[in-house]
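Notes for the one structure printed next.
The values are calculated or read from the model by the stated rules, or taken from the named source; none is laboratory data. Source: prediction; values computed, not measured. Virtual Cβ from ideal backbone geometry, glycine too; neighbours counted across all protein chains shown. Protein only, heavy atoms only, side chains kept; ligands, DNA and RNA dropped before computing areas. Shrake-Rupley method; radii C 1.70, N 1.55, O 1.52, S 1.80 Å.
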Amino acid sequence: RNLAAEVTKGLSTKAQRGGTVSKAPIGYRNHRTIDDQGREMRTVIVDEERAQHVKIAFGLYATGAWTVAALAQFLADRGFTTLPTPKIASKAVGEKYLHRVLTNPYYRGIVTYKGVQYDGRHERLIDDETWFKVQSILDSHYNGDRVRKHNHYLKNSLWCGQCGERMLVTNSKSSSGEIYPYFYCAGRHSKRTSCTQRSVLIYEIERKVEDLYL
């Protein structure tokens, strides 16, 4: 028990200092060197080949024009594969694996240990704006039978002016049974941000977009 406690304490301290406490995710490599005095040095370096695919994945998905499945196939055709090990050959990155990549905050420079996040010392691959756009789109697909049921030509084109999260579509029914279609902020809805942006009737949004382009 004492040994386990010491190990946990050491890993927690490492994470607090921004170190990577587990195997680095795809796009990075765990790197081990020995200094002049024989001391072992462990760091994380960028796997340039796979890091490019990770950057492309985030950039394309942030446009809102891709599903995870379609993007996984596109990247597989471009040669995006897992890192081989002595016992396991590399293989194409599939849909579930890619979803884990797109939701891993490590790529924006965050180390997570026991549910707590710390600023990492490793090189980030994705900027915050792209990261949050991707999370917003993923959330809209996850939560949203209503997103798929309530289509609108401006869907995937509108972002909240307060917090930058995606604006999603929903229908609200009044006590009299009348249906009112709205755009609402995904950040406020998920409580991921402190946004106070109210829901906006779709016809108001359409009018404002028309005014913008006319």
Residue-normalised accessible area of the chain, expressed per residue, 1.4 Å probe, Å²: 63 Å²
Once normalised by the length of the chain, the mean sequence separation of its alpha carbon contacts under 8 Å that are 6 or more apart gives a contact order in percent of 14 percent
Can you compute 3J(HN,Hα) from phi for each residue in the range 43-51, using the Karplus curve 6.51 cos²θ - 1.76 cosθ + 1.60 with θ = phi - 60°, rounded to whole Hz and x for Gly and Pro? 9, 10, 10, 7, 8, 3, 4, 7, 4
Whole-percent carbon and sulfur share, accessible surface of the chain, 1.4 Å: 50 percent
Vicinal HN-Hα couplings computed from phi for the range 124-138 (Karplus, 6.51 cos²θ - 1.76 cosθ + 1.60; Hz; Gly/Pro x): 7, 9, 10, 7, 4, 4, 5, 4, 6, 4, 4, 5, 5, 5, 4
Checked against the positive end of the charge dipole of the chain (+1 on Cβ of Lys and Arg, -1 on Cβ of Asp and Glu, about the Cα centre), the farthest of THR63, ALA15, HIS99 is ALA15
Charged-residue dipole, Cβ positions (Lys, Arg, Asp, Glu), the chain about Cα centre, Debye nearest 20: 800 debye
In whole Hz, the Karplus estimates of ³J(HN,Hα) for the range 21-27 (6.51, -1.76, 1.60; θ = phi - 60°; x where Gly or Pro) are 9, 9, 4, 5, x, 4, x
Heavy-atom accessible area of LYS91 with all protein chains present, probe 1.4 Å, nearest 10 Å²? 140 Å²
Past 24 Å, Cα to Cα, is the threshold; run LYS55/LYS87; LYS114/LYS191; LYS23/LYS91 against it and keep the listed order. LYS55/LYS87
